[in-house]
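One structure is given here, and the rest of the page talks about it.
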Amino acid sequence: MTDMTYEESIKWLEMPDKRFRKADKEDFTLLMKTLGDPQDKLRFVHVTGSNGKGSVCTLLAEILRRSGYRTGLYTSPHLSVYNERCRIDGEDIPDEDLARLATAVRCEAEKLELSLGLFYKMTALSFLYFAGQKCDIVVLEVGRGGRRDCTNIVTTTELAVIGSVSLEHTEVLGKTVREIAREKSGIFKPGADALMLYQSEEAMEAVRMTADSLGVRLCFTAPAELISEQHGPEGQTLSYRIRKHVQLACPGLYQTENVQLVLDAADILRERGFIIPEEAILSALASLKFPGRFEILSREPFFLIDGAHNIGAVSALTEGLRTYYPERRFTFVVTLLWDRPWQEMLRLTAPLAASFIAAGSTDPKALSSEETAVFIRDQLHLPAAAAADENEALRIALDKAGRDGAVCVFGSLYLVGAVRDLYLRQKTENA
């Protein structure tokens, strides 16, 4: 097969092959075997959780990079381009490499007569890329859950990390926090260490049982040893365990949980033989910000975007808005998915709202903009407009906000990414 162009590879990523049977995890294992099992040539920090895993992965990868390790980073979804999901030392996979490796994966999948989903495709080509580039360590984010996730094909895990556990994807992962925690602990591997965010006893007990059954050392964060010293929309300062006055570039009170995981993970990796200078840890935390996470794009109008897309993340978003901007009322731009508790997510933000704009989406899981707007008007008794897409939603929001108003976009990382690109492009054109 001739290598696909970059544009052809993106089209292939997004379109399932309807000629063949939909692949499952066992099929993915067979596919990777035909590709030479590149994942077996790598070492991993494997990260799961309901919220915050992208931030944890990005911070850990930056710490390892600053420590001198050639570091792969695999996360999802992306804000702007698929290349963002697969990075080495902070650089996205180049277009030509993505197209070349997508071609290799496609060729083997067609020989096996398998129809691969987007996440399977990206995972396969990313393993090939990381192995081909001889990464020393890969920080690997789970797509969904843990045990049955296709990233869980890896066996050479150094450290498995579990962040917050809440009710999500209950049709697949389980109906209770205990069941979901058990699914997430499925990424534990004999010989690896494990780290979990301290949280509900039912979640921690389920994870303890998995660790005990595998003989895995399990550590927990220590929220009692965390002191939040200063926080604001531009960053914060905290002390945790023996580290005092740690500077964080990222705002958001919820980030303190992520930082506990990152600091403990760095110390565990040190115990496993990784050479991680303290300066690498502190400089990464002090400089790294996350596009699309409580990100302020402008002050006039005040325009903030946040990738909150489930109940825990929306709770954290509203806490931040209430803490940092108590006098403001926002025009919220939203796209919501029907498989999330979207009604409760809207109720959480309603007390902070001047109005809502529901943006239409091509995502098959997205609620229609009209359905969302009707619920807001009828149940929350707030003004709500239905927009065809993110372009129209942005236009309406800016008209409503004027120069002195405030806009907040949330509900979907894809919406946040699209609005971010549109808004920054407009700012550049109007400069």
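The values are calculated or read from the model by the stated rules, or taken from the named source; none is laboratory data. In this text the structure is predicted, and so the values were computed from the model without any measurement. Counting neighbours? That spans all protein chains shown, and the Cβs are built from the backbone with ideal geometry, glycine included.
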**Filter result (under 19 Å from the mean Cα position of the chain (by Cα) and modelled with pLDDT of 85 or more) within segment 162-185** = Ile162, Gly163, Ser164, Val165, Ile180, Ala181, Glu183, Lys184, Ser185
**Prompt:** Is there a residue in segment 258-270 that is in the same structural domain as Tyr69 (by TED's automatic domain parsing), more than 11 Å from Ile63 (Cα to Cα), at pLDDT below 95 and surrounded by fewer than 20 Cβ atoms within 10 Å (Cβ to Cβ)?
**Reply:** no
**Item:** Subset of segment 70-99 [surrounded by fewer than 16 Cβ atoms within 10 Å (Cβ to Cβ), of a type outside the set (A, V, I, L, M, F, W, C) and on the phi < 0 side of the Ramachandran plot]
**Value:** Arg70, Ser80, Glu91, Pro94, Glu96
**Request:** Determine if segment 347-355 includes at least one residue that is crowded, with 21+ Cβ neighbours inside 10 Å, in a helix (DSSP H, G or I) and at pLDDT 95 or above.
**Result:** yes
**Message:** For the structure I just gave you, tell me whether Ile281 is at pLDDT 95 or above, surrounded by fewer than 22 Cβ atoms within 10 Å (Cβ to Cβ) and β-branched (Val, Ile, Thr).
**Reply:** no
**Message:** Given the criteria within 25 Å of Glu84 (Cβ to Cβ) and touching a residue at least 12 places away in the same chain (Cβ under 8 Å), does Lys365 qualify?
**Reply:** yes
**Message:** Give me the residue from segment 392-425 that is loosely packed, with under 14 Cβ neighbours inside 10 Å and free of Cβ contacts under 8 Å to residues at least 40 places away in the same chain and, out of that set, nearest to Leu297 (Cα to Cα).
**Reply:** Arg425
**Item:** Any chance Glu201 is within 22 Å of Ser315 (Cβ to Cβ) and without any contact (Cβ under 8 Å) to a residue 12 or more places away in the chain
**Value:** yes
**Prompt:** Limited to segment 60-75, what total is found for residues that are part of a loop (DSSP other than H, G, I, E, B), of a type in the set (Ser, Thr, Tyr) and out of contact with any Ser or Thr (no Cβ under 9 Å at 6 or more places or on another chain)?
**Reply:** 2
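Can you pull out the residues in segment 183-201 that are touching a helix residue (DSSP H, G or I) at 6+ places or on another chain (Cβ under 8 Å), assigned to a helix (DSSP H, G or I) and more than 10 Å from Val165 (Cα to Cα)? Give the steps one after another, and end with the answer.
Our first condition is that a residue be touching a helix residue (DSSP H, G or I) at 6+ places or on another chain (Cβ under 8 Å); within segment 183-201, this holds for 183-190, 193-198, 200.
Still in the running and assigned to a helix (DSSP H, G or I): 183-187.
Listed by number, the residues that qualify are Glu183, Ser185, Gly186, Ile187.
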**Message:** Consider segment 225-271. How many of its residues are among the basic types (Lys, Arg) and in contact with an Asp or Glu (Cβ under 6 Å, 6 or more places away or on another chain)?
**Reply:** 1
